[in-house]
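J.: Handing you a structure now.
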Amino acid sequence: MAASDQLMFARQLGATARLLIWLLVGVACVVADSRYHALDSLRSGLSLMLQPVREVLRVPADAAAELGGFFTRHRQLQTERDALRAERARLWVSVNAAREISRENAELRALLQLQQRPGQRVVHAALLYRGHDWFVQQMMLDQGAAAKLRSGLPVVDARGLVGQLSQVYPGSSEVTLVSNPEQLTPVVIERTGQRGLAAGNGRGQMELRYMPGHTDVRINDRLLTSGIDRVYPAGIPVARVTRVSHLQSGPYLRVAAVPLAGLDRARAVLVLLAEPPPVQAPLPPPSGAGKP
């Protein structure tokens with residue numbers, strides 16, 4: 001038996017009624033919010049509560065964007081680095097070329113000053129290649145018999161004596177360097193005037209032979225051609241003394257020297273040709289000669 005406070009036939013609202021009620025509640029909220037801004041505080045509270053959720057949801061997108069930007073910047077930096085390296089290489093090539101041109105110009109100016117020696121004619125020549133065996137101490141020039149060259153002529157560069165022509169061909173010639181062991185050069189010590197004989201040692205260096213132990217020769221003394229052999233003009237720089245020592249087994253000094261000419265770097269040289277002495281016209285006989 002049902003209690004007195006309970007309804008025997010209780011009925012629930014239908015779906016249509018509940019929909020209408022919620023529609024009326026929604027319309028009332030919209031009207032209250034649009035006209036009286038009644039839901040602003042509720043909206044602000046919900047936004048504040050959902051802020052951490054929004055931050056968490058935005059992390060993957062921000063991380064992906066940051067990674068994409070990192071790889072893009074890294075690729076750009078690599079491209080700029082490669083471009084800068086290529087530009088630096090081009091600049092180094094230009095700088096080295098400018099230095100080489102400057103060195104060649106200075107060498108050519110010095111050669112032009114050398115050819116102004118009186119009573120002497122010169123032939124400009126350029127290096128073709130060096131000897132296949134460096135110990136032979138030879139080089140090839142691009143001038144030969146066509147330029148009126150002959151064996152035995154001296155070859156100089158802007159710094160000093162290079163060597164002597166040993167073989168002459170129609171369009172080229174072979175130079176035996178002063179550092180060749182078989183090449184002997186009469187020299188004089190510039191500071192004292194002491195004469196001597198310089199020879200190569202086959203390793204790009206020279207030595208002053210048969211110098212008595214009492215000879216006044218010092219380090220940094222310059223050796224010049226003496227001219228007594230009538231092959232090399234006098235006064236051409238040949239070498240600079242680098243070491244002086246006394247031989248315990250003999251009466252001579254051991255004098256080492258380094259050639260002043262650029263044997264391993266010369267590109268332009270001069271071949272010296274002595275000008276023949278001018279032929280003087282015969283003097284006319286005196287006016288009274290031949291008369292009785």
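J.: Of the heavy-atom accessible surface of the stretch 24-79 (probe 1.4 angstrom), what whole percent is carbon and sulfur? Write out the running numbers ahead of the final one.
T.: Numbers: 3410 of 4750 Å².
C and S atoms contribute 72 percent here.
J.: Once a ≥ b ≥ c are taken as the square roots of the eigenvalues of the Cα gyration tensor of the stretch 17-58, is the result rounded (a/c under 1.5), prolate (a/b larger than b/c) or oblate (a/b not larger than b/c)?
T.: Details: a/c = 4.41, a/b = 1.86, b/c = 2.37.
Oblate shape, in that a/c is at least 1.5 and b/c is the bigger or equal ratio.
J.: Something else: Taking 25 Å as R0, compute the FRET efficiency from the Cβ-Cβ separation of ARG191 and SER245 and round it to 0.05. If you can, show how the numbers build up before the last one.
T.: Numbers: r = 19 Å, r/R0 = 0.75.
Plugging the Cβ-Cβ distance into 1/(1 + (r/R0)^6) gives 0.85.
J.: Let me ask something additional. Measuring with a 1.4 Å probe in the full set of protein chains, what accessible area per residue, in whole Å², belongs to the stretch 133-205? Could you put the intermediate results ahead of the total?
T.: Working: 3090 Å² over 73 residues.
I get 42 Å² per residue for this part.
J.: Taking amide H atoms as placed 1.01 Å from N in the peptide plane, list the residues 5 or more away in sequence, or in a different chain, whose amide H sits under 5 Å from that of GLN205.
T.: Amide H neighbours of GLN205, under 5 Å, 5+ apart: none.
J.: Then there's this: Kindly write out, for the stretch 178-190 in residue order, the coupling ³J(HN,Hα) from the Karplus curve 6.51 cos²θ - 1.76 cosθ + 1.60 (θ = phi - 60°), rounded to whole Hz, with x marking Gly and Pro.
T.: Listing the rounded values in order: 5, 7, 5, x, 8, 9, 10, 10, x, 10, 9, 6, 4 Hz.
J.: Let me ask another. Assuming R0 = 30 Å, can you tell me the calculated FRET efficiency for the pair ASP40 and ARG18, based on Cβ-Cβ distance, to the nearest 0.05? Spell out each step's value before the answer.
T.: Values: r = 28 Å, r/R0 = 0.93.
The formula returns an efficiency of 0.60 here.
J.: OK, next. If you take the C-alpha gyration tensor of the stretch 47-91, multiply each eigenvalue by 5 and take the square root, what semi-axes do you get, largest first, in whole Å? Each step should come with its number before you reach the end.
T.: On the way: eigenvalues 361, 10, 3 Å².
Output for the stretch 47-91: semi-axes of 42, 7, 4 Å.
J.: How much accessible area per residue does the stretch 17-58 have, in Å², with a 1.4 Å probe? Can you show the working numbers first?
T.: On the way: 3700 Å² over 42 residues.
Here the per-residue accessible area is 88 Å².
The values are calculated or read from the model by the stated rules, or taken from the named source; none is laboratory data. What you see is a predicted model, and the numbers here were worked out from it, not measured in a lab. In this analysis, Cβ positions are derived from the backbone assuming ideal geometry, glycine residues included, and neighbour counts consider all displayed protein chains. To get the accessible areas, we keep the full protein, side chains included, count just its heavy atoms, and leave off ligands, DNA and RNA. Shrake-Rupley method; radii C 1.70, N 1.55, O 1.52, S 1.80 Å.
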